Amino acid sequence: MNEKIYRQRIQSGLCPYCGSKLVRRDARAHSFLGCSDFPVCRFSINFDIYYKIKDSEIDEKEFRSSGRA
């Protein structure tokens with residue numbers, strides 16, 4: 001997927017894979033954002049990475065190492 005489209009969708013609160021809305025999910029040890037179309041789409045992202053992308057504070061190396069590029 002094109003990195004620019006990926007970032008734009010996340011910044012808009014949309015799943016970069018299917019375009020559905022991102023929603024907060026709670027696990028035992030942490031919270032994260034996941035696709036509202038789960039279990040069909042299994043996209044999820046850590047809040048730390050999400051806010052860095054949303055605020056455009058993440059650099060290319062960190063973006064790639066997040067495993068979401």
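The values are calculated or read from the model by the stated rules, or taken from the named source; none is laboratory data. All of these numbers come straight from a predicted model, not from anything done at the bench. In this analysis, Cβ positions are derived from the backbone assuming ideal geometry, glycine residues included, and neighbour counts consider all displayed protein chains. Accessible surface is based on the protein model in full, side chains and every heavy atom, while ligands, DNA and RNA are left aside. Shrake-Rupley method; radii C 1.70, N 1.55, O 1.52, S 1.80 Å.
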Q) What residue, among those in region 2-21 that are touching a Pro at 6+ places or on another chain (Cβ under 9 Å) and without any contact (Cβ under 8 Å) to a residue 40 or more places away in the chain, is farthest from ASP55 (Cα to Cα)? A) ILE5
Q: Tally the residues that are aliphatic (A, V, I, L, M) and in contact with a Gly (Cβ under 8 Å, 6 or more places away or on another chain), restricting the search to region 1-42.
A: 2
Q) Among the residues of region 20-36 satisfying the criterion of being in a loop (DSSP other than H, G, I, E, B) and modelled with pLDDT under 95, which is most open to solvent (accessible area, probe 1.4 Å)? A) ARG28
